[in-house]
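The values are calculated or read from the model by the stated rules, or taken from the named source; none is laboratory data. Bear in mind that the values here come from a model prediction, so they are computed numbers and not experimental data. When we count neighbours, we look across all protein chains shown, and the Cβ atoms used for this are built from the backbone with ideal geometry, even at glycine. Remember, those area values only see protein heavy atoms, side chains included, never the ligands or the DNA or RNA. Shrake-Rupley method; radii C 1.70, N 1.55, O 1.52, S 1.80 Å.
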Amino acid sequence: MQIITTIREMRKLRGTMSGSIGFIPTMGYLHEGHLSLVEQAKKENEHVVVSIFVNPKQFGPNEDFSRYPRDEQRDTELLKKAGVDVLFLPTVDEIYPEGFDTYVIVENISQVLEGEKRPGHFKGVATVVTKLFNIIQPDNAYFGQKDAQQVSVMKKMVTDLQFPIKIVVGITIREPNGLAKSSRNVYLTESEQKEAAVLFRSLQLALEKFQKGEKDSIKIKKEMKKLIQTTSGSIDYISIVDPETLKELDIIKKDTLISLAVYFGKTRLIDNIILH
Ligand code: AMP
């Protein structure tokens, strides 16, 4: 595996690569969720490039940028073992040199849900992913369903800006108790990790109710809320939307996205499900 830290070197290497390139942008502290995207990319491309970059521009001023977990050595080993060809590992100054002043904003769908709770988050994501797409020029880019709104924003961005890149979505990888794998799970105490399985359980409950014929969003949200309130979790939002427009739906239809954010202590967890 080649480890590249500068844009200049990455471009040079890219110029020598022929055949399809699958790209997985990450913030590191890798887990099986990231590795399942790598595995999928390996199957579908001749080369796999992974980036690790904790992007300061997608964190709010009171968020966890400075304490976001990092372990470059472990990540490097995991990616080598997974058969990744290139690891792109730029510094913050490499990506945002002094005077950096150009941003990508995907209007509307970036302003609701996570975007409403985390102002500027998707501006940071869209900007860094645009830069990474320009540097790496992949054919396929892999994103996890775990971050459902990020997927919607990326799909809209590549369509609107005509990136010749396919957005491929990987399923959410979970702990045995249903808790979605996340680099941020290390912030949770052992008992919080157990309790946090309630996010998944509440989504399963919603699915069950839907399959039994319940279509009323308010009623489903109420049931989810009741279940979550049996734990120490504090609900930030529960939302039921069209996965493309992210508009709230009063009546649930096929292919509806139910997503939620819940705090355990200071740790904010998100999860979602698409009803089929
Ligand atoms: P992150 O490092 O958190 O920015 O995540 C990098 C990529 O991995 C994003 O596309 C995430 O959606 C995806 N990802 C994160 N957690 C999971 C998971 N549990 N299952 C599948 N994909 C995930």
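Report, by residue number, each residue of the range 116-140 that is within 16 Å of K12 (Cα to Cα) and aliphatic (A, V, I, L, M).
Across the range 116-140, the qualifying residues are L132, I135, I136.
What number of residues within the range 161-171 are open to solvent by less than 30 Å² (accessible area, probe 1.4 Å) and closer than 18 Å to G33 by Cα?
3
Would you mind telling me which numbered condition in (1) more than 12 Å from the ligand (Cβ to nearest atom); (2) open to solvent by 50 Å² or more (accessible area, probe 1.4 Å) I136 fails?
(2)
Please indicate, with yes or no, whether at least one residue in the range 79-90 is open to solvent by less than 20 Å² (accessible area, probe 1.4 Å), under 18 Å from N134 (Cα atoms) and within 14 Å of the ligand (Cβ to nearest atom).
Residues of the range 79-90 that are open to solvent by less than 20 Å² (accessible area, probe 1.4 Å), as a first pass: 79, 84, 86-88, 90.
If we keep only those that are under 18 Å from N134 (Cα atoms) too, we end up with 86-88, 90.
Retained after the next criterion (residues that are within 14 Å of the ligand (Cβ to nearest atom)): 87-88.
Taking every residue of the range 79-90 in turn, at least one turns out to be open to solvent by less than 20 Å² (accessible area, probe 1.4 Å), under 18 Å from N134 (Cα atoms) and within 14 Å of the ligand (Cβ to nearest atom).
Here's a check for you: in the range 152-177, which residue that is in a helix (DSSP H, G or I), of a type outside the set (D, E, K, R) and under 14 Å from the mean Cα position of the chain (by Cα) is farthest from L257 (Cα to Cα)?
Top of the filtered list is M154.
Among the listed residues Q145, Q58, Q111, identify the single one that is farther than 25 Å from R8 by Cα and within 13 Å of the ligand (Cβ to nearest atom). Outline the logic, then answer.
Numbers: Q58 fails: farther than 25 Å from R8 by Cα; Q111 fails: within 13 Å of the ligand (Cβ to nearest atom).
None of the others qualify; the one that does is Q145.
Mind counting the residues in the range 116-133 that are open to solvent by 50 Å² or more (accessible area, probe 1.4 Å) and in contact with a strand residue (DSSP E or B) (Cβ under 8 Å, 6 or more places away or on another chain)?
Filtering the range 116-133 down to residues open to solvent by 50 Å² or more (accessible area, probe 1.4 Å) leaves 116-117, 119, 123.
Restricting the remaining residues to those that are in contact with a strand residue (DSSP E or B) (Cβ under 8 Å, 6 or more places away or on another chain) gives 117.
Looking only at that region, the number is 1.
Condition check ((1) more than 16 Å from the ligand (Cβ to nearest atom); (2) farther than 27 Å from R70 by Cβ; (3) of a type in the set (A, V, I, L, M); (4) open to solvent by less than 20 Å² (accessible area, probe 1.4 Å)) across all residues:
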| position | (1), (2), (3), (4) |
| --- | --- |
| G178 | no, no, no, yes |
| S183 | no, no, no, yes |
| V198 | yes, yes, yes, yes |
| K209 | yes, yes, no, no |
| E214 | yes, yes, no, no |
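Condition first: at negative phi, without any contact (Cβ under 8 Å) to a residue 40 or more places away in the chain and not in a strand (DSSP E or B). Can you find one or more residues in the range 254-271 that meet it?
Yes - at least one qualifying residue is present in the range 254-271.
Criterion first (in a helix (DSSP H, G or I), within 16 Å of the ligand (Cβ to nearest atom), farther than 16 Å from L132 by Cα and of a type outside the set (D, E)) does V38 satisfy it? Give the derivation first.
On the way: in a helix (DSSP H, G or I): yes; within 16 Å of the ligand (Cβ to nearest atom): yes; farther than 16 Å from L132 by Cα: yes; of a type outside the set (D, E): yes.
Judged against the criteria, V38 is a match.
Among the residues of the range 243-266 satisfying the criterion of being acidic (D, E) and touching a helix residue (DSSP H, G or I) at 6+ places or on another chain (Cβ under 7 Å), which is least open to solvent (accessible area, probe 1.4 Å)? Walk me through it before giving the result.
First, the residues of the range 243-266 that are acidic (D, E): 244, 248, 250, 255.
Applying the additional criterion that residues be touching a helix residue (DSSP H, G or I) at 6+ places or on another chain (Cβ under 7 Å) yields 244, 250.
On the way: E244: 153, D250: 119 Å².
Filtering the range 243-266 for residues that are acidic (D, E) and touching a helix residue (DSSP H, G or I) at 6+ places or on another chain (Cβ under 7 Å), the one least open to solvent (accessible area, probe 1.4 Å) comes out as D250.
Could you count how many residues in the range 1-34 are near the ligand (Cβ under 9 Å from one of its atoms) and open to solvent by 40 Å² or more (accessible area, probe 1.4 Å)? Please lay out each step first, then the result.
Keep residues of the range 1-34 that are near the ligand (Cβ under 9 Å from one of its atoms), which gives 24-34.
After this cut, where a residue has to be open to solvent by 40 Å² or more (accessible area, probe 1.4 Å) as well, the list is 29, 32.
Summing the residues that are near the ligand (Cβ under 9 Å from one of its atoms) and open to solvent by 40 Å² or more (accessible area, probe 1.4 Å) in the range 1-34 gives 2.
In the range 226-233, is there at least one residue being open to solvent by 70 Å² or more (accessible area, probe 1.4 Å), in a helix (DSSP H, G or I) and without any contact (Cβ under 8 Å) to a residue 12 or more places away in the chain?
We begin by selecting, within the range 226-233, every residue open to solvent by 70 Å² or more (accessible area, probe 1.4 Å); these are 226, 229-230, 232.
Filter once more, so that each one left must be in a helix (DSSP H, G or I): 226.
Pick out the ones that are also without any contact (Cβ under 8 Å) to a residue 12 or more places away in the chain and you get 226.
Yes, the range 226-233 has at least one match.
Tell me the helices (runs of 4 or more DSSP H) entirely within the range 84-140 that contain at least 1 residues that are under 16 Å from the mean Cα position of the chain (by Cα). I'd like the intermediate steps shown before the answer.
Values: elements: 92-95, 113-117, 121-136.
Those helices (runs of 4 or more DSSP H) span 113-117, 121-136.
Can you run down the residue pairs with Cβ atoms below 6 Å, 6 or more apart or on separate chains, where the first is in the range 12-33 and in contact (Cβ under 8 Å) with a residue 60 or more places away in the chain and the partner is near the ligand (Cβ under 7 Å from one of its atoms) and part of a helix (DSSP H, G or I)?
I24/L37; Y29/S183
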